[in-house]
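Working notes, structure below.
The values are calculated or read from the model by the stated rules, or taken from the named source; none is laboratory data. Source: prediction; values computed, not measured. Ideal geometry is used to build each Cβ from the backbone, glycine not excepted, and the neighbour counts take in all protein chains shown. Accessible surface areas use protein heavy atoms only, side chains included; no ligands, DNA or RNA. Shrake-Rupley method; radii C 1.70, N 1.55, O 1.52, S 1.80 Å.
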Amino acid sequence: MFDKETYSRRRAEVKKLVGKGTIVLFGNNEAPYNYPANAYAPMRQDSAFLYYFGQHRDGLVGVIDVDNDEDWLLGDDIDVEDIVWMGFTPSVKTLGFEVGIAHTAPLSKLSKMLEGRPIIHFLPPYRHDTKIQLMELTGIHPSKQKEAASEALIKAVVKMRSKKEEQEIQAIDHACDVGYAMHTTAQLLIKPGITERFIGGQVDGIARSLAQGTSFATIFSQHGEIMHGNPSDARLEDGRLVLCDAGCELNDYCSDHTRTMPVNGKFTQRQREIYSIVEACHDYVLKVAKPGVKYMDVHFAVCRMMAEKLKELGLMHGDMDEAVRQGAHAMFLPHGLGHMMGMDVHDMEGLGQTYVGFDDETRPNLEQFGTNCLRMGRKLEEGFVVTDEPGIYFIPQLIDEWCAKGLHKDFLNYNMLETYKDFGGIRIEDDVLITKDGCRFLGSKRIPYHPAELEEFMNNNK
């Protein structure tokens with residue numbers, strides 16, 4: 001939690017941006033795991049509620065009355081039975097005082113408070129209990145709530161949370177330092193015969209020991225061509241690659257890194273050739289990302305660089321500018337270059353990606369395969385935090401489907417692609433802060449990723 005002035009200032013700013021009406025921000029409730037008393041733990045608070053109200057306790061609702069310039073925190077004080085099981089929790093009044101709020105009330109007062117108010121602003125809900133609560137307050141059915149969410153509030157939240165304050169940047173730097181410990185632990189454990197699940201569990205343990213936990217379900221798999229390949233019981237095999245995509249949450253802010261390693265600690269020639277392309281694309285972003293540059297333009301520049309280098313290997317042929325324009329490169333890179341990051345690992349994605357990653361000038365292309373997964377395209381601004389995560393993947397089913405249909409045969413060497421169907425995938429990802437004149441990595445330590453450096457680290461530190 002930051003100081004109370006931070007939250008008071010944020011609430012004052014959102015009032016100016018929204019202009020009129022009443023803003024209702026729902027905190028999260030405990031979520032049962034498999035029966036009511038066995039909840040998922042620890043509870044994850046809603047990010048928008050945290051941003052403006054700062055408190056982690058369950059069962060809270062924040063109300064920002066724009067018209068009357070009042071802020072309210074509503075919730076029920078816990079009783080002795082709860083204290084017996086969960087320990088003492090400060091009163092709602094105390095919680096409000098800690099974040100600069102003078103007005104508090106029991107949760108039962110919320111309905112009466114909102115009665116007769118012509119404009120009620122809320123964000124798109126994502127939890128079913130919140131949807132039911134919202135329906136009881138507004139009469140809007142859960143199936144209609146996403147469309148009924150306040151565009152004015154969404155735009156205000158995106159505007160404020162996109163540009164990170166200095167204290168937020170420090171929090172992300174610290175989270176990235178834990179990310180360093182997570183990934184280097186994995187790199188030192190990797191060897192033939194050990195299971196994916198064991199190393200994935202060690203990575204998760206670092207996040208739970210040094211931070212609040214993981215920022216998303218850890219990806220650790222020899223099938224790097226599967227974007228979200230969770231750890232399995234498979235044993236690591238000599239000669240294969242393994243991909244680790246993992247991050248933590250620390251003080252409510254996230255890290256998100258990806259590294260791809262040779263299981264035996266030494267790249268083969270073929271692995272090094274593909275890896276070096278991804279490495280070059282990753283490093284290119286650091287040279288060109290700066291305020292005023294569209295991240296969509298950076299994405300397509302990376303795609304053209306990747307295509308040209310794949311052409312040099314013989315995997316592609318023809319006019320690479322035209323290949324990228326038609327989407328042939330998506331055979332190898334079926335996702336976007338990166339996404340916003342902050343309190344959420346895909347920051348604010350639940351508010352609608354068009355609001356977060358695009359603007360009136362830069363619009364998403366939802367029709368073309370691969371490009372439709374571009375999460376971030378808008379002009380970069382100082383204070384933005386984005387991920388830089390190019391990859392090359394050889395997905396057997398995608399190769400078979402496109403080959404059978406004859407898609408992009410003027411650009412793709414299907415005969416050669418057939419020999420790569422057992423390759424897997426490679427991704428390199430870091431978190432980048434857009435600065436006044438360019439950008440910088442976040443975190444004080446760099447997780448090894450240059451091939452020689454990575455091999456040396458894996459082999460000399462075990």
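Overview of results
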{"quantity": "Rg(Cα) / (2.2 N^0.38 Å) computed for segment 282-390, rounded to two decimals", "calculated": "1.07"}
{"quantity": "The chain: angle of helix 4-18 to the longest principal axis, Cα-based, in degrees nearest 10", "calculated": "90 degrees"}
{"quantity": "As computed over segment 204-248, the Cα convex hull volume per residue (Å³)", "calculated": "73 Å³"}
{"quantity": "Label-zone membership for segment 245-276, site R446, 7 angstrom Cα→C-beta point, backbone N under 17 Å", "calculated": "257-260, 276"}
{"quantity": "Segment 237-379, accessible surface, carbon-and-sulfur percent (1.4 angstrom probe)", "calculated": "46 percent"}
{"quantity": "Ranked order, K409, K16, K309, K445 - accessible area, probe 1.4 Å, largest first", "calculated": "K16, K409, K445, K309"}
{"quantity": "Residue-level accessible surface for D173, protein heavy atoms, 1.4 Å, Å²", "calculated": "30 Å²"}
{"quantity": "Residue-by-residue Karplus 3J(HN,Hα) for segment 313-326, coefficients 6.51, -1.76, 1.60, Hz, glycine and proline x", "calculated": "7, x, 6, 10, 8, x, 7, 6, 4, 5, 4, 5, 4, 7"}
{"quantity": "Per residue value of the accessible surface for the chain (all protein chains in place, 1.4 Å probe), Å²", "calculated": "44 Å²"}
{"quantity": "Relative compactness, the chain, computed as alpha-carbon Rg over 2.2 N^0.38 Å", "calculated": "1.06"}
{"quantity": "The chain: antiparallel DSSP beta bridges as a percent of all, rounded to 5", "calculated": "90 percent"}
{"quantity": "Counting DSSP beta bridges with both ends in segment 1-126, the antiparallel % (nearest 5)", "calculated": "70 percent"}
{"quantity": "Rounded D (µm²/s) - segment 123-169, Kirkwood Rh over Cα pairs, Stokes-Einstein at 20 °C, 1.002 mPa s", "calculated": "177 µm²/s"}
{"quantity": "Length-normalised contact order of the chain in % [C-alpha pairs under 8 Å, at least 6 apart]", "calculated": "14 percent"}
{"quantity": "Segment 38-158 shape via C-alpha gyration tensor axes, a/c threshold 1.5", "calculated": "prolate"}
{"quantity": "Sequence-separation-based contact order of segment 302-424, relative, with Cα cut under 8 Å and 6+ spacing, percent", "calculated": "32 percent"}
{"quantity": "Karplus 3J(HN,Hα) series, Hz, for segment 34-41 with 6.51 cos²θ - 1.76 cosθ + 1.60 (x for Gly, Pro)", "calculated": "9, 7, x, 7, 10, 9, 4, 9"}
{"quantity": "Over segment 194-337, relative contact order from alpha-carbon pairs under 8 Å, at least 6 apart, %", "calculated": "16 percent"}
{"quantity": "Solvent-accessible area of T371 with every protein chain in place, 1.4 Å probe, in Å² to the nearest 10", "calculated": "10 Å²"}
{"quantity": "Derived scalar couplings ³J(HN,Hα) [segment 42-48; Karplus, 6.51 cos²θ - 1.76 cosθ + 1.60; whole Hz; x for Gly, Pro]", "calculated": "x, 5, 9, 6, 5, 5, 5"}
{"quantity": "Anisotropy class of segment 143-196 from Cα gyration tensor, a/c 1.5 cut", "calculated": "oblate"}
{"quantity": "Built amide H within the under 5 Å cut-off of A39, gap 5+", "calculated": "Y33"}
{"quantity": "Angle in degrees between helix 396-405 and the longest Cα principal axis of the chain, rounded to the nearest 10", "calculated": "70 degrees"}
{"quantity": "Exposure rank, largest accessible area first [V80, V24; 1.4 Å]", "calculated": "V80, V24"}
{"quantity": "Given K112/K146; K290/K445; K131/K379, the pairs whose alpha carbons are separated by over 28 Å", "calculated": "K131/K379"}
{"quantity": "FRET efficiency, 1/(1 + (r/R0)^6) with R0 45 Å, evaluated for N34 and H103 via beta carbons", "calculated": "0.75"}
{"quantity": "Gyration tensor (alpha-carbon) shape descriptor, segment 247-310, a/c threshold 1.5", "calculated": "oblate"}
